[in-house]
Amino acid sequence: MKIPDNIYMNICKVFQEIYKNKFELNELNIAEVGSRGKNMTCRYRITVPEEMESVTFSYYDAVVYDAVYTLYRANCSKFTLTDLLRVMSGDEKVRFYCTKGKIQKREQRLRDSLEKLRNTTIAIDYSEEVQMRELKDDKGKPLEGFVADYLIPVAVEKNGKAYWFLEGRELPVYKYAEDIGQMISVSRELLDPAALLKTMFPDQEFQDSEEGRKLLENVKFSSTDEMILLKRILIQRLEIMRNSRNNADGRRIRYYAMKADEGILPMADIRRENFEQDVRFVSDRGKVRFESRGWKNKVHAVNKKLCAILDIYKKCGYVTEYELLRNEPRSLVRGVEILGEIKKVELRKKRETETSAEKTAEEK
């Protein structure tokens, strides 16, 4: 299956509270959703079968949910786990590997996430938002302001190899996000920096140049689950910056912070406590500190990959500039600050040109 041209991401408050586990099961949860001096609330209730009462969610589940919705918006009636993985990664060649009939852990993780989402129900009452935001449908009639269903209303084939959307059903959290304008849509190439560069600069001469080769070489990393999460978090943060007026701190993407769950690394399940091996370190100010060598190496590795992606985004005009964040010149990098304008990437005309060129070549 071809990856849809547009990839969708949900950024509404309810969605965030779900994957951050800031809710109570089987209880009425109230989310503060007001802005610019308007106090508004959204009420929702999440329920699960008795055997799932210890359920928790993660950003990985959020990415799976986004991918399912992307397929739903592309009018796909049926999909497989491989289709889902390709949408999540932006890589049309990625696939699962089976060893001697055993299911790969990665495949099982995706299946477990999908099962969790399709067996969890939610009811959302956003009538207060409808009234205060004066939300109306295409005919000018006020929206109902209520939606309820399974998080993912899909059925699965008996052999478990494919899923299909139940006719006439919507994904409730996305219906809500659509109605209040809390959805992000980006070109699929943003998930595949190499494809983005080749689409924006199709001239083989550039791709073979020293600059082109270096940019492409630096993004030759595998589509691991970790990399999928990091890329999507980066794009999500950039798009939120592009669509809102942020203060200075809002232009910073922090890798980690004093609190264990703050920063984009914990969102991608990269945590300091998993890298024990403290070594003595003297800061530029002469202070003696202890850092985990494994943690330090991991941060460097992640930073190198994210900077490689940002370099291509910069070349393609998506971001203007960025700089690394450090407490001191020699200290461990803490994140990046995005400088200048962030522009929307328009690739439809580029794709049409490519398709036309391919057809011409085939005819010849």
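The values are calculated or read from the model by the stated rules, or taken from the named source; none is laboratory data. On a predicted model such as this, the values are computed, not experimentally measured, just so you know. Neighbour counts are summed over all protein chains in view; Cβ atoms, including those assigned to glycine, are modelled from backbone coordinates with ideal geometry.
Among the residues of the stretch 167-212, which ones are within 21 Å of L135 (Cα to Cα) and in contact with a Leu (Cβ under 8 Å, 6 or more places away or on another chain)?
From the stretch 167-212, those within 21 Å of L135 (Cα to Cα) are 170-185; that's our starting set.
Correct list: L171, P172, V173, D179, I180.
Yes/no matrix, rows are residues, columns are (1) β-branched (V, I, T); (2) under 24 Å from S127 (Cα atoms); (3) touching an Asp or Glu at 6+ places or on another chain (Cβ under 7 Å):
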position	(1), (2), (3)
I7	yes, no, no
C12	no, yes, no
Y19	no, yes, yes
A31	no, yes, yes
V63	yes, no, no
Y72	no, no, no
L84	no, no, no
K102	no, no, no
Of (1) of a type outside the set (A, V, I, L, M, F, W, C); (2) in contact with a strand residue (DSSP E or B) (Cβ under 8 Å, 6 or more places away or on another chain); (3) at pLDDT 90 or above; (4) more than 27 Å from Y65 (Cα to Cα), N303 satisfies all except one. Which? (4)
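Residues to consider are S77, S58; find the one that is exposed (fewer than 14 other Cβ atoms within 10 Å of the Cβ), touching a residue at least 12 places away in the same chain (Cβ under 8 Å), within 23 Å of the chain's Cα centre (by Cα) and under 25 Å from Q182 (Cα atoms).
One residue alone meets the criteria, S77.
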Being assigned to a strand (DSSP E or B), assigned by TED's automatic domain parsing to the domain that holds Y176 and surrounded by 13 or more Cβ atoms within 10 Å (Cβ to Cβ), is that true of even one residue in the stretch 125-135? yes
When you scan the stretch 299-320, how many residues do you find that are surrounded by 18 or more Cβ atoms within 10 Å (Cβ to Cβ) and in a loop (DSSP other than H, G, I, E, B)? 2
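Mind telling me which of the residues I3, I46 ends up being under 18 Å from the mean Cα position of the chain (by Cα) and on the phi < 0 side of the Ramachandran plot?
Numbers: I46 fails: under 18 Å from the mean Cα position of the chain (by Cα).
So the residue among I3, I46 that is under 18 Å from the mean Cα position of the chain (by Cα) and on the phi < 0 side of the Ramachandran plot is I3.
Just to check your reading of the model, which residue among M258, M267 is modelled with pLDDT under 95 and not assigned by TED's automatic domain parsing to the domain that holds Q104? Walk me through how you get there before you give the answer.
On the way: M267 fails: modelled with pLDDT under 95.
Only one candidate qualifies: M258.
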Looking at the structure I just gave you, is S244 surrounded by 17 or more Cβ atoms within 10 Å (Cβ to Cβ), in a loop (DSSP other than H, G, I, E, B) and of a type outside the set (A, V, I, L, M)? no
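Counting residues that are within 24 Å of H300 (Cβ to Cβ) and free of Cβ contacts under 8 Å to residues at least 12 places away in the same chain, which helices (runs of 4 or more DSSP H) fully inside the stretch 173-241 reach at least 3?
Of the helices (runs of 4 or more DSSP H) lying wholly inside the stretch 173-241, those with at least 3 residues that are within 24 Å of H300 (Cβ to Cβ) and free of Cβ contacts under 8 Å to residues at least 12 places away in the same chain span 210-218.
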Restricting attention to the stretch 137-172, which residues are touching a residue at least 40 places away in the same chain (Cβ under 8 Å), part of a strand (DSSP E or B) and buried (at least 17 other Cβ atoms within 10 Å of the Cβ)? V154, Y163, F165
Please go through (1) in contact with a Ser or Thr (Cβ under 8 Å, 6 or more places away or on another chain); (2) acidic (D, E); (3) closer than 30 Å to V219 by Cβ for D83 and return the number of the only condition it doesn't satisfy. (1)
Filter pass, M9 being surrounded by fewer than 18 Cβ atoms within 10 Å (Cβ to Cβ) and touching a residue at least 12 places away in the same chain (Cβ under 8 Å): no
